[in-house]
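What follows is a set of notes on a single structure, which appears directly below.
The values are calculated or read from the model by the stated rules, or taken from the named source; none is laboratory data. Owing to the predicted nature of the structure, the values given are computational and were not obtained by experimental measurement. Cβ coordinates were reconstructed from backbone atoms using ideal geometry, including for glycine residues, and neighbour counts include every protein chain displayed. These area figures cover heavy atoms from the full protein model, side chains too; ligands, DNA and RNA do not enter into them. Shrake-Rupley method; radii C 1.70, N 1.55, O 1.52, S 1.80 Å.
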Amino acid sequence: IAAAAFALLLPATARADLLAAYDRVTPTGQLDVALVNASTGLPVALPAGVNTAAREFHPSLSPDARRLTFVRQTFEQRGSDQIFQAVDRIHVFDLRTSAEITPAPLLAGDDRTTTPSFASDGATLVVGQHPEGGAISDDRIGVVALPSGATSFVDSGFDEFTNTPQALALQALACGFGGSCAAVTARTL
């Protein structure tokens, strides 16, 4: 009886589409985003425009698997000396319509923003925000509302750790070996 019940459940499970997003290295060494139907092991086609000549990585699917977000890294001339620098941009695609729905505020690019993930509501992105420069400072969590792109920040709590006597001593040691001294000076005054 148990075997018969298992056999009845197996076809229902096999029919369910369980999508998974991942980044992969192509045969030419390119970093791209890919989708797989984990129920069947078969690749799933992505909308045109997801993978480009740039690097695409850190994909995440919304809980309903309708939306895909990822980071695209390009190299652009920036700053007064026009040096080529890596610029990361978060992109969002609707997999049902194949349309890119990236909010305009995300397209400016921020090389301090990493690894977008969907919140459980599927309409909010959560991204890591690293501090500017090399100084030890507070990492923040960016909360991005879709489709507007309105962003709010949540304190990660890491700044409390950096204000401990042990952290200040480590920062002073790093300063003595050529690290950034700005954070140490600002916190010890």
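Scanning segment 24-58 for residues that are within 16 Å of the chain's Cα centre (by Cα) and under 13 Å from Asp94 (Cα atoms) yields a count of 1. Selection of segment 56-71 for residues being surrounded by 16 or more Cβ atoms within 10 Å (Cβ to Cβ), closer than 19 Å to Thr124 by Cα and not aromatic (Phe, Trp, Tyr) yields His58, Pro59, Ser60, Leu61, Ser62, Ala65, Arg67, Leu68, Thr69, Val71. Within segment 93-120, the set of residues being modelled with pLDDT of 80 or more and closer than 18 Å to Ser152 by Cα comprises Thr102, Pro103, Ala104, Pro105, Leu106, Thr115, Pro116, Ser117, Phe118, Ala119, Ser120.
Every residue in segment 121-144 that is out of contact with any strand residue (DSSP E or B) (no Cβ under 6 Å at 6 or more places or on another chain) and modelled with pLDDT under 90, please. Residues satisfying the conditions are His130, Pro131, Glu132, Gly133, Gly134, Ala135, Ile136, Ser137, Asp138, Asp139.
In this structure, does Leu106 turn out to be hydrophobic (A, V, I, L, M, F, W, C) and closer than 23 Å to Thr124 by Cα? Considered against the rule, which asks whether it is hydrophobic (A, V, I, L, M, F, W, C) and closer than 23 Å to Thr124 by Cα, Leu106 comes out as yes.
Is it the case that segment 21-33 has a residue that's in a strand (DSSP E or B), among the basic types (Lys, Arg) and under 26 Å from Arg140 (Cβ atoms)? Don't jump to the end; show me each part of the working.
Within segment 21-33, the subset in a strand (DSSP E or B) is 21-25, 31-33.
With among the basic types (Lys, Arg) added as a condition, the list becomes 24.
The next check asks that each one be under 26 Å from Arg140 (Cβ atoms); those that pass are none.
No: segment 21-33 contains no residue that is in a strand (DSSP E or B), among the basic types (Lys, Arg) and under 26 Å from Arg140 (Cβ atoms).
Here Val87, Val71 are screened, and the one residue that is under 18 Å from Leu146 (Cβ atoms), β-branched (Val, Ile, Thr), touching a Lys or Arg at 6+ places or on another chain (Cβ under 9 Å) and without any contact (Cβ under 8 Å) to a residue 60 or more places away in the chain is Val71.
Can we say Gln77 is more than 22 Å from Leu18 (Cβ to Cβ), open to solvent by 50 Å² or more (accessible area, probe 1.4 Å) and either touching a residue at least 12 places away in the same chain (Cβ under 8 Å) or within 16 Å of the chain's Cα centre (by Cα) (or both)?
Details: more than 22 Å from Leu18 (Cβ to Cβ): yes; open to solvent by 50 Å² or more (accessible area, probe 1.4 Å): yes; either touching a residue at least 12 places away in the same chain (Cβ under 8 Å) or within 16 Å of the chain's Cα centre (by Cα) (or both): no.
Against the criterion (more than 22 Å from Leu18 (Cβ to Cβ), open to solvent by 50 Å² or more (accessible area, probe 1.4 Å) and either touching a residue at least 12 places away in the same chain (Cβ under 8 Å) or within 16 Å of the chain's Cα centre (by Cα) (or both)), Gln77 does not qualify.
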